[in-house]
Amino acid sequence: MVEADLRQRIEQLRKEIQEHNYRYHVLDTPIISDAQFDALMRELVELETRHPELVTPDSPTQRVGAAPAEGFAEVVHPIPMISLGNVFDNEELRAWHRRVQQRLEMESFDLVCELKIDGLAVALTYEQGRFVRGATRGDGLRGEDVTANLRTIRSIPLTVSVAGVPERLEVRGEVYFPKSGFKKLNEERIAAGEPPYANPRNTAAGSLRQLDPRITASRPLNVYLYALGYAEDGAIPSTQWDALARFREMGFRTNPANALCHSLEEVQGFYRRWLEEKEALDFGVDGVVVKVNRFNYQQHLGTVGREPRWAIAYKFPATQQVTRLINIGVNVGRTGTLNPYAILEPVNVGGATVKMATLHNEDDIRRKDLRIGDWVVVERAGEVIPQVVAPMTARRTGEEREFKMPERCPACGEPVVRPPGEAATYCVNTACPAQFARLLVHFVSRGAMDVEGMGEKLALALIDAGLVKDVADIYSLTREQLLGLKEKIARVISGVQKEVAARHQLSNAQMQVVKRLTDEALLDKAEAETICARYDLTLERLMSLKGAVDGVLVETVKTAGVAETIEWESILTLEKLAAKSVDNLMAAIAASKQRPLTSVVYALGIRHVGYETAQMLVRHFGSLPKLMRASDEELANIPGIGPKIAESIVSHFRREANQRVVERLEEVGVPMEEAATPREGRATVLAGMQIVVTGRLAGMSRSQAEDRIKELGGSAGSSVTKKTAYLVVGEDAGSKLAQAEKLGVPILDEQQFLQLLETGKGP
DNA sequence: GATCCTCGAGTTCT
DNA sequence: CTCGAGGATC
């Protein structure tokens with residue numbers, strides 16, 4: 001890097017860090033995540049380490065934070081409350097350990113592992129055994145006096161009266177808001193029509209900084225103590241591990257998970273264990289703090305800048321992040337429901353980049369008080385499905401817009417309906433193309449007709465190209481038709497390229513750009529920028545080329561006789577159809593004619609008729625024509641089927657288009673009767689037992705396990721209730737485990753489950 | 001009419 | 001995984 005560039009980068013980093021520091025510490029409304037902040041800080045530290053001559057006294061690396069907020073008395077920490085360096089992977093952890101080894105000139109030494117609780121650090125001062133002052137960390141040098149509020153936390157002893165307590169003693173710890181209490185508080189707020197709080201950490205900070213301690217007292221705050229600030233006139237332990245033990249003797253709450261490790265491998269084990277199990281804890285944990293155990297070693301290692309060399313925070317990948325809600329889009333589901341979803345500024349949450357999340361329905365958006373343009377907290381529910389938790393209301397500028405459900409279907413433009421008492425808004429147009437697209441995807445999905453090789457993309461492309469107009473049409477597709485289409489598409493693409501080149505007189509290099517543009521359906525910002533940089537184009541020029549390509553495509557598609565209009569996505573999908581995959585697809589379509597009747601009924605996509613209900617219907621009627629002729633009353637008399645489902649079935653088959661689909665399926669050879677099923681001999685081992693399977697099993701998939709349970713006469717539930725006989729737990733079990741523990745449902749591991757399948761008896 | 005349970009439908013990313 | 005709604009039950 002050139003010297004001038006370097007200076008500029010350092011300046012820029014300092015300015016950004018200062019800004020974020022202020023937002024975090026003073027305003028309490030950060031706009032970037034901790035991980036993002038850490039990244040900035042790390043870059044600055046690295047640049048300054050390599051170029052010490054550029055370090056200035058006012059650099060954020062030279063002091064621990066920013067000024068404390070007003071409103072509370074200031075407390076100067078006699079010993080600064082340091083912060084910790086962070087590592088994010090095993091590699092970096094080992095590097096830290098090697099550095100410690102070198103400085104200590106020692107191979108092996110004990111380390112203490114503690115869970116890094118996501119709360120806020122406090123210092124508690126005791127004089128002659130009496131709690132006299134409690135302060136927040138603030139900027140590390142000066143914090144706020146929040147003694148009155150801390151007194152309301154019942155796990156903080158107001159007096160310590162064991163022998164040998166130092167005259168003056170300061171212990172440090174982390175105050176947090178328990179997850180359960182946080183959930184309850186938010187439920188109450190929602191019930192009272194107030195917006196929920198974004199996350200426990202900010203709420204803990206807010207609670208502790210209430211000017212009225214009675215408000216603090218109403219919050220279930222708690223604390224874990226983990227460090228000795230200082231001690232005068234008293235026996236001082238010689239290791240961190242002993243200090244923790246001593247804390248407990250004195251009546252301080254320490255975290256039971258803390259562990260003494262004799263090697264780095266043990267530390268890694270501790271990290272892995274809690275990475276898996278942290279969700280079950282009642283407090284947020286964002287990593288593991290690793291400390292050199294012996295205090296004299298700590299002293300020898302010392303501190304560099306703001307961080308001690310003898311401790312490090314080994315962070316978990318963040319599962320919660322703050323990002324921008326760019327817009328709210330609306331999808332149309334198979335049943336016509338309008339489903340709003342969040343379009344987010346891409347952000348890495350727990351190792352995956354999230355840019356979309358469902359928002360369920362209008363009421364949910366209102367309840368959470370989300371507005372377009374808000375900064376929002378995003379997490380991955382159960383570590384998988386992204387979810388928008390809450391807006392950061394304090395970050396609002398007034399530019400945010402409220403979301404309104406469109407009055408017309410975004411796909412077909414027909415007016416939408418929201419039935420009174422229901423949360424969903426529907427497009428009631430039976431000919432809505434979006435609904436049909438979803439129906440086709442459902443029809444070919446696993447569990448339904450199970451056409452392997454036909455995923456969402458291909459299904460949509462076939463509709464787009466005009467080859468499929470109703471679900472039965474997939475049975476009249478031919479190999480020649482598909483290959484012919486692919487050829488036409490290829491000609492269209494090369495035609496578009498030539499035409500654009502001719503009209504705009506492009507150079508060879510620019511032709512490359514056009515090729516790129518006909519390679520990808522959508523350009524996101526990052527991709528567009530890469531292309532511009534590579535071919536030395538302005539963004540405007542690129543966009544005008546893109547416009548030209550799209551324009552010419554529309555004309556060409558029409559003249560080539562492919563379809564009236566077609567999406568880029570579809571073109572690219574069809575272009576990739578090779579002869580071999582067409583063969584496979586034809587075979588899969590043919591094979592799908594042999595699916596059991598239950599799957600066929602399910603595939604029809606009747607509202608309120610999922611797989612379970614389809615099974616009940618097939619068991620009762622045994623034939624599709626009989627089901628079609630069934631009356632309202634007959635249907636409603638079947639256990640498990642009430643008036644609503646009955647009505648839905650009758651009105652589905654009353655529609656002529658739906659009757660035709662069934663006729664055509666029959667014509668192509670889809671069975672309309674259920675093949676007689678021989679009863680299994682030993683089908684009673686699990687009779688009447690309701691068993692739930694959760695997590696990943698080693699020997700079989702979850703659905704296989706559920707099939708086995710059903711074969712043996714049991715039922716496989718999807719949620720744990722008090723009627724559940726057993727919960728079978730695999731790897732990475734989620735919330736169901738906690739639920740089972742709460743209800744006292746017996747828990748089986750895979751081994752015990754297999755035994756249950758054999759004998760019908762649990763351990 | 002309230003409460004529990006089960007099912008359906010929509011969902012994200014690698 | 002989550003929410004909503006249908007059905008069963010008291």
Item to check | Yes/no for A:Gly287 being away from DNA strand C (no atom under 16 Å from the Cβ), touching a residue at least 24 places away in the same chain (Cβ under 8 Å), buried (at least 21 other Cβ atoms within 10 Å of the Cβ) and not basic (Lys, Arg) | outcome: yes
Checklist outcome for this item: Residues of region A:586-604 being crowded, with 21+ Cβ neighbours inside 10 Å and touching a Lys or Arg at 6+ places or on another chain (Cβ under 9 Å), in sequence order, are A:Ala603
Checklist outcome for this item: Within region A:613-661, the residues that are polar (S, T, N, Q) and not in a helix (DSSP H, G or I) are A:Ser623, A:Ser631, A:Asn637
Checklist entry - Restricting attention to region A:639-658, and to residues there that are touching a residue at least 24 places away in the same chain (Cβ under 8 Å) and exposed (fewer than 13 other Cβ atoms within 10 Å of the Cβ), which single residue is nearest to DNA strand B (Cβ to nearest atom)? => result A:Gly640
Checklist entry - Of these, A:Val428, A:Val416, which one is within 21 Å of A:Val661 (Cα to Cα), within 16 Å of DNA strand C (Cβ to nearest atom) and touching a strand residue (DSSP E or B) at 6+ places or on another chain (Cβ under 6 Å)? => result A:Val428
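Answer yes if at least one residue in region A:676-684 is at pLDDT below 70, at negative phi and within 16 Å of DNA strand C (Cβ to nearest atom), and no otherwise. If you could, list the steps in order and put the result at the bottom.
The initial filter retains those residues of region A:676-684 that are at pLDDT below 70, namely A:676-684.
Retained after the next criterion (residues that are at negative phi): A:676-684.
If we keep only those that are within 16 Å of DNA strand C (Cβ to nearest atom) too, we end up with none.
No, because not a single residue in region A:676-684 is at pLDDT below 70, at negative phi and within 16 Å of DNA strand C (Cβ to nearest atom).
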Item to check | Some residue of region A:161-177 being without any contact (Cβ under 8 Å) to a residue 12 or more places away in the chain and under 26 Å from the mean Cα position of the chain (by Cα) | outcome: no
Checklist entry - Is it the case that some residue within region A:388-401 is surrounded by 14 or more Cβ atoms within 10 Å (Cβ to Cβ), within 12 Å of DNA strand B (Cβ to nearest atom) and within 14 Å of A:Gln320 (Cα to Cα)? => result yes
Checklist entry - Looking at (1) away from DNA strand C (no atom under 14 Å from the Cβ); (2) surrounded by fewer than 16 Cβ atoms within 10 Å (Cβ to Cβ), which is the one condition that is false for A:Ile385? => result (1)
Item to check | Residue check for A:Ser207: without any contact (Cβ under 8 Å) to a residue 60 or more places away in the chain and touching a Ser or Thr at 6+ places or on another chain (Cβ under 6 Å) | outcome: yes
Item to check | Every residue from region A:382-405 that is among the small types (Gly, Ala, Ser) and at pLDDT 80 or above | outcome: A:Ala390, A:Gly398
Item to check | Lone unmet requirement of (1) modelled with pLDDT of 70 or more; (2) surrounded by fewer than 16 Cβ atoms within 10 Å (Cβ to Cβ) for A:Ala738 | outcome: (1)
Checklist entry - Is it the case that A:Ala434 is within 16 Å of DNA strand B (Cβ to nearest atom), without any contact (Cβ under 8 Å) to a residue 24 or more places away in the chain and small (Gly, Ala, Ser)? => result no
Item to check | Entirely in region A:120-224, the strands (runs of 3 or more DSSP E) that have 2 or more residues that are small (Gly, Ala, Ser) and crowded, with 19+ Cβ neighbours inside 10 Å | outcome: A:120-127, A:130-136
Next on the checklist: Please go through region A:128-165 and give me each residue that is among the β-branched types (Val, Ile, Thr) and closer than 15 Å to A:Gly251 by Cβ, ordered by number.
Outcome noted: A:Ile153, A:Ile156, A:Thr159, A:Val160, A:Val162, A:Val165
Item to check | Candidates A:Val354, A:Val376, filtered to the one that is more than 30 Å from A:Glu91 (Cβ to Cβ) and not in a loop (DSSP other than H, G, I, E, B) | outcome: A:Val376
Checklist entry - When only residues in region A:602-638 that are within 14 Å of DNA strand C (Cβ to nearest atom) and in contact (Cβ under 8 Å) with a residue 60 or more places away in the chain count, which is farthest from A:Gly717 (Cα to Cα)? => result A:Arg607
Next on the checklist: If I ask for residues that are near DNA strand C (Cβ under 10 Å from one of its atoms) and either closer than 12 Å to A:Ile326 by Cα or of a type in the set (Ser, Thr, Tyr) (or both), which ones from region A:344-366 would you list?
Outcome noted: A:Thr358
Next on the checklist: I'm trying to understand the selection: among the residues of region A:84-116, which are under 17 Å from A:Val288 (Cβ atoms), surrounded by fewer than 17 Cβ atoms within 10 Å (Cβ to Cβ) and touching a residue at least 60 places away in the same chain (Cβ under 8 Å)?
Outcome noted: A:Asn90, A:Arg94
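The values are calculated or read from the model by the stated rules, or taken from the named source; none is laboratory data. Here the structure is a predicted model, which means the values were calculated and not measured. Glycine gets a Cβ as well: all are built from the backbone with ideal geometry, and neighbour counts include every protein chain shown.
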